Amino acid sequence: MASKLLIQRELPAHIQFTQSLSCPIEGSLSDSTAHSLTLEQLVQMSANGFDKLNALELTYAPLKGSAPLRTAIVNFHHQLNHHQCPLNEDNVLTFCGAQEALSAIYQCLLQPDDEIIVVTPNYPSLSNMAEKSGCIVKPIELSALKNWQFNIEDVKARISKKTKLIVINSPHNPTGSIIDSDLAEQILLLAKAYDCYLLADDVSQASNYNNLALSHRFLDYDKAIVVSVMSKSFGLAGIRIGWVVSQNKAILKQLLAIKSLSSICCSAIDERLAEIALQQSEKIIALNNQIIKTNIEHFNAFIQTHSDIFQWHPPQAGLLSLVEVNTEQPIELWARGLAEQTGLLVLPACLFGQAGQYFRLGLGKNNFKFLLTKLDEYVSS
Ligand SMILES: Cc1ncc(COP(=O)(O)O)c(C=O)c1O
């Protein structure tokens, strides 16, 4: 198995765009994370939270991640999904964010000329890291005309004996579309039939405020890897903890070796905080999902008064969707003008691989309504 060291010399396009803005940014309408608690709010949620933090010895965390955290992660995925395979802490590895986990997975699994199927548009790393490794990316291109949805025929049209990996991300960044349990099952069966790896980027799976069928049983397949993180549905990006779950011990062993050459281990404080957050996941996710639902209502109201300029498909789940802007200017220039005039950041969808006049709308934050007033000023001026 594997691997070529992934060396990235340029910033991903969406980060490059943000960094290139010279004006001060006061708020983002494109953020992919849910509302963030303060440290105090989080620790207070747990009866013995402060004691657990104060008693923490400030040494290296275990290389694989702390055992109680990894057990909490297994339980979290059991609650969201319906796999039968008995999993425990040995099926989990923590990383410093989902990005570090994804990077390790790509290094572990992919070699030059391997084929990989990825939905586009996407979180840029999902296709960039494969391209940088010399892989052949077979994109499944989504379109607004099909409600940003794909079906199993789209995957069948791209899969072959050369396919090494299928990457899926549901709810989807940036469109807000989902892969329901039926389609997930069909993808799983296809991956098995072609004996390829299946990577489920589930970073916002818990943002399921419409109670849709998002549950899957990917973890019953020994070539499946599920990734998640503190930053998205939990809104706790300041806790730099992501993780992988898999029943495949050989892959986990290799991922651990890769981690040992990048971060070595995560911050012990972050691991303890992530454990507290996962133990309080029901409360945190319920709070965050209510904020997203309210923000969807705000945006629906906003768009009714600006239907000549904006169009959107509300997300089915997750924190993001795409908004189409009726403007003569190229969307990148329009977004730069918005940032310069109002201090409001929106990310054009071309930065995620989607052509057309779209920007990515982030619905997770509780200052959303206030930020909409800035957008209103800009389009009304
Ligand atoms: C789909 C997806 N996967 C992975 C990540 C990486 O998460 P993190 O930045 O918390 O490591 C992101 C971040 O935007 C994402 O949108």
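Coordinate-derived values only; no laboratory data. All values reported here derive from a predicted model rather than from experimental measurement. Here Cβ is always computed from backbone atoms with ideal geometry, including for glycine, and neighbour counts include all displayed protein chains.
Which pairs, out of 232/369; 138/223; 64/161; 161/232; 146/192, put more than 23 Å between their alpha-carbon atoms?
64/161; 161/232; 146/192
Take the Cβ-Cβ distance between residue 16 and residue 59 as r, set R0 to 25 Å, and report the resulting FRET efficiency rounded to the nearest 0.05.
Once the sixth-power term is evaluated, E becomes 0.10.
Could you run the Karplus curve 6.51 cos²θ - 1.76 cosθ + 1.60 with θ = phi - 60° over segment 216-232 and give me ³J(HN,Hα) per residue in whole Hz, x for Gly and Pro?
Once θ is set to phi - 60°, the couplings for segment 216-232 become 9, 10, 4, 6, 7, 9, 7, 10, 9, 9, 10, 10, 8, 6, 7, 6, 8 Hz.
Given q = 0.06, 0.08, 0.09, 0.15 Å⁻¹, what are the Debye log10 I(q)/I(0) values for the chain, with equal point scatterers placed on the Cα positions and solvent ignored?
Summing over Cα pairs of the chain leads to -0.22, -0.40, -0.51, -1.43.
What does the charge count around residue 260 come to, taking other residues whose C-beta lies under 13 Å from its C-beta (Lys +1, Arg +1, Asp -1, Glu -1)?
Details: positive: 64, 253, 259; negative: 100.
Residues close to residue 260 contribute a combined charge of +2.
Pop a pseudo-label 7 angstrom from the Cα along the beta-carbon direction at both residue 51 and residue 78 and give the gap in nm to one decimal.
Result: 2.5 nm between the two label points.
In whole Hz and in residue order, list the ³J(HN,Hα) couplings for segment 100-112 that follow from phi through the Karplus curve 6.51 cos²θ - 1.76 cosθ + 1.60, θ = phi - 60°; x for Gly and Pro.
Once rounded to whole Hz, the list reads 5, 5, 5, 4, 5, 4, 4, 4, 6, 9, 9, 10, x.
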